[in-house]
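Reading through the structure tokens given below for one structure.
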Amino acid sequence: MAKLGLGFWGDSTYSIKYTTKNPLPVEDIVTSLRAFEKLLRRTPAFIEKAYDGIEIIDTEVYVSRVESGSLIEDFFIKFVFKNKKNYKDGHKVIAQLLEDNDVVKTLVAVGVGAFLGQGIMSALPDNAPKGNIEAYNSTVITIGAGANISGNDIQSILDRTTDKKTLVKQAVSAVAITKVDPNASIEMSGIKELTIKPNVIAEAPDEYTPPIPSEKIETYENVLVQIFASDKDNPNKWAGVVPNVFVKRVNFILGGDLDPEKLHGKTRLYADIDVVSKFNKSTKKYVPRLVELIRIIDRKK
């Protein structure tokens, strides 16, 4: 344990072993290693959850050894406390954490396994087979319980992930390398139960394509709006086009600050608008369906 300002840094190890009979392309190995590195950088949340009283502000990951058939990565975690008040208690927690090095290794492996399982599950369409991945996720929870982290704790960490699309891409990239061999597996930190077996890898997609949102909203400023229908008593019963954006009539609504009675009767004006478009699966294009007039621009000024 080394002191650094008001904090300490400690180290632990993590290893992955690809078992495959087919040669692995160098480029794919690098892609997989980078994906595992990014997954490892997510694991401090699991250590913080298991050891209340610490805050990890940085994670550095290094490949320390490469063997035939395996790639082993060591990573170093820096622990920093918020202030002097909890320094003494924090010191005790860190000391206990470093004594429990095997537990920390397990927490890291559980963290990677949980993120992998979550990412792969999220990459699959609703009707795709998921039984083996679901079973793997259950195993992650079982192993986590032995390292002082419950299934609810694991789920809460996963739920707090804000960059879910990035996580999915990392998880798919991490295991995609083994797609070259239907019998390939990935062993994690020597924990047999957490090995990603061929049946799990088989359910994972070859690559991740983010789903196309069913709708999108685009903002335009100071654009010409042509009004074809208006109702001075109802701000939701208007219609028209925005010539520089689309020419097929759609419904308009007026923003909360706009008075429909004052605008009623106008056929041309300039405004800041939001255009809501819906994705058409047949044409693979977004089609405007609604315009909200946000602010009217006075072009005389």
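The values are calculated or read from the model by the stated rules, or taken from the named source; none is laboratory data. Note that the structure is predicted; figures quoted are calculated from it, not measured. Every residue, glycine as well, gets a Cβ built from its backbone with ideal geometry; the counts of neighbours run over all protein chains shown. When the accessible area is computed, the model is the full protein with side chains, heavy atoms only, and any ligands, DNA or RNA have been set aside. Shrake-Rupley method; radii C 1.70, N 1.55, O 1.52, S 1.80 Å.
Taking every residue in region 260-272 that is more than 12 Å from residue 238 (Cβ to Cβ) and pairing it with any residue that is surrounded by fewer than 11 Cβ atoms within 10 Å (Cβ to Cβ) and at pLDDT below 95, at least 6 positions away or on another chain, the pairs with Cβ-Cβ distances below 7 Å are 270/299.
Note on region 131-148: residues that are within 15 Å of residue 104 (Cα to Cα) and open to solvent by 40 Å² or more (accessible area, probe 1.4 Å) total 3.
Within the set 148, 152, the sole residue that is farther than 23 Å from residue 17 by Cβ and either under 18 Å from the mean Cα position of the chain (by Cα) or not in a loop (DSSP other than H, G, I, E, B) (or both) turns out to be 152. Pairing residues of region 182-211 that are under 14 Å from residue 123 (Cβ atoms) with residues that are part of a loop (DSSP other than H, G, I, E, B) and among the basic types (Lys, Arg), at Cβ distances under 7 Å and at least 6 apart in sequence or on separate chains, gives 203/130. Looking at region 22-63, which of the residues that are crowded, with 17+ Cβ neighbours inside 10 Å and among the aromatic types (Phe, Trp, Tyr) is nearest to the chain's Cα centre (by Cα)? Within region 22-63, the match that is nearest to the chain's Cα centre (by Cα) is 36. Filtered by the rule that a residue be at pLDDT 80 or above and assigned to a strand (DSSP E or B), region 1-34 gives 15, 16, 17, 18, 19.
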